[in-house]
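So the structure is just underneath, and the comments pick up after that.
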Amino acid sequence: MGKTKIIKKSSIEVDEDFVTIKLANSDLAYLLKNSPNNFSEAHVKRGQYTEFAEYVANAFENWEDADTGESPLLAALEQIFESATDDSIDCIKQNEEW
């Protein structure tokens, strides 16, 4: 349990009850600007970090993958879960018949 810095001001914190992901609005802007898929060299306008963060938050809440119907957050979690079971991490018990 503890806090892990992921980029600049952002962090992931784990305690007994919650995983809390804190993404600073300025870090979201940084990630957009430095994304390897940012071919148009897009960037968040100065003073518009909160509006961009609201757009990102709305995407997590409302967007769906056209093929699966999953939200982007659920899709990311599914990949992490698959990796955890493939790696047979110690904190997971799997059905031995599987």
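Consider residue 22 against the criteria (1) of a type in the set (D, E, K, R); (2) in contact (Cβ under 8 Å) with a residue 12 or more places away in the chain; (3) open to solvent by less than 90 Å² (accessible area, probe 1.4 Å); (4) in contact with a strand residue (DSSP E or B) (Cβ under 7 Å, 6 or more places away or on another chain): it satisfies all of them except one. Which criterion is unmet?
Answer for residue 22: the failing condition is (3).
With the requirement that a residue be in a helix (DSSP H, G or I) and more than 12 Å from the chain's Cα centre (by Cα), what does the stretch 55-71 give you?
Across the stretch 55-71, the qualifying residues are 55, 58, 61, 62.
Of everything in the stretch 51-93 that's in contact with a Ser or Thr (Cβ under 7 Å, 6 or more places away or on another chain) and within 22 Å of residue 24 (Cβ to Cβ), which residue is most open to solvent (accessible area, probe 1.4 Å)?
So the residue we want is 63.
If residue 52 passes every condition in (1) of a type in the set (Phe, Trp, Tyr); (2) in a loop (DSSP other than H, G, I, E, B); (3) at pLDDT 95 or above but one, which one does it miss?
Among (1) of a type in the set (Phe, Trp, Tyr); (2) in a loop (DSSP other than H, G, I, E, B); (3) at pLDDT 95 or above, the lone unmet condition for residue 52 is (2).
Here is a yes/no grid of residues against (1) out of contact with any helix residue (DSSP H, G or I) (no Cβ under 6 Å at 6 or more places or on another chain); (2) of a type in the set (S, T, N, Q); (3) at pLDDT below 95:
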site: 29; (1), (2), (3): no, no, no
site: 48; (1), (2), (3): yes, yes, no
site: 77; (1), (2), (3): yes, no, yes
site: 91; (1), (2), (3): yes, no, yes
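Could you give me the residue pairs with C-beta distances under 8 Å whose first residue belongs to the stretch 72-90 and is assigned to a helix (DSSP H, G or I), whose second residue is open to solvent by less than 60 Å² (accessible area, probe 1.4 Å) and modelled with pLDDT under 85 wherever it lies, and which are 6+ apart or on separate chains?
Every condition considered, the pairs that remain are 78/70.
Being assigned to a helix (DSSP H, G or I) and among the small types (Gly, Ala, Ser) is the filter here, so list the residues in the stretch 23-39 that pass it.
Passing the criteria: 26, 29.
The values are calculated or read from the model by the stated rules, or taken from the named source; none is laboratory data. This one's a predicted model, so the numbers in the text were calculated from it and none came from an experiment. Every residue, glycine among them, receives a Cβ derived from its backbone with ideal geometry; neighbour counts consider all protein chains shown. Note: accessible area is taken over every heavy atom of the protein model, side chains too, but ligands, DNA and RNA are not part of it. Shrake-Rupley method; radii C 1.70, N 1.55, O 1.52, S 1.80 Å.
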